[in-house]
Amino acid sequence: MNLSNENRLLLYCAQARIPEGAVLKVRKILGSSLNWEEVLKPAFWHGIAPLLYDNLKNMQKSHGVPENVMNKLKMAYYRTVAKNLCMYAELRPILESLREKDLEVVILRGAALAETVYDDMGLRPMGDIDLLVKKEDLPHAEETIIALGYHFHGDMSPVRPPAPNVIHDPLCLLFCPFACIHP
């Protein structure tokens, strides 16, 4: 496949760490003439700007990454850190309340991956928090979260897909600080 250098750079940097064998390739790409708008636009669109920042920050000075580009990526990283800190702060009391009621909860996707796979919550943007609860526990989980002062945003409600004994429940809409009103 014939990819532009901009797209190659994004592909190499769209992971927690650039593989050792690809570092020289990235340095070679950085030494070429890049259209940085063609790098930044898809990086922000796909939510990988924090990863791009993290992977380029050690190469910035020696490999000609423009300072304004790094500043934009750095801001994306710190916005992600701030937003994720808020999300985790909202999640903590919910999990404590659910566990006090002996309700088993599994954290999925972004909230689970940000610290376990990426080792840095700033590298994995989150728009919500996904929880997995047993189908029979859903009413109790809803009650518990609503009792904490959260409510469904708009006409959203828990999704009830046909599953034998578990349900993927986007209760995130109940406690996402950017999608609901909290007392």
Cross-link reach list, aspartates and glutamates versus Lys28, counting only Cα pairs under 13 Å and skipping chain neighbours closer than eight places: Glu6
Lysines whose Cα lies under 19 Å from that of Lys134, excluding same-chain neighbours fewer than 8 positions away: Lys101
Partners for Lys83 among lysines (Cα-Cα distance below 18 Å; same-chain residues under 8 apart left out): Lys72, Lys74
Net length gained if the chain between Ser4 and Trp36 were fully extended (0.36 nm per residue, minus Cα distance): 10.3 nm
Of Leu131, Val69, Leu85, farthest towards positive along the dipole that unit charges on Lys, Arg, Asp, Glu beta carbons give segment 29-157: Val69
Charge tally in the Cβ shell below 15 Å around Gly47, where Lys, Arg are +1 and Asp, Glu are -1, Gly47 excluded: +3
Neighbour cut-off at most 13 other Cβ (10 Å), DSSP loop, GluC sites (Glu not before Pro), segment 46-105: Glu104
Cβ-Cβ FRET estimate between Lys101 and Lys57, R0 fixed at 41 Å, reported to 0.05: 0.40
Residues of segment 10-62: accessible area per residue with a 1.4 Å probe, Å²: 59 Å²
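In segment 51-131, what percent of the accessible surface is made up of carbon and sulfur (1.4 Å probe, ligands and nucleic acids excluded)?
Here carbon and sulfur together make up 49 percent of the probe-accessible area.
The values are calculated or read from the model by the stated rules, or taken from the named source; none is laboratory data. Bear in mind the structure is a predicted one, so any value in this text is a computation, not a measurement. Backbone-built Cβ (ideal geometry, glycine too); neighbour counts: all protein chains shown. In case anyone asks, the SASA skips ligands and DNA or RNA and just uses the protein heavy atoms, side chains included. Shrake-Rupley method; radii C 1.70, N 1.55, O 1.52, S 1.80 Å.
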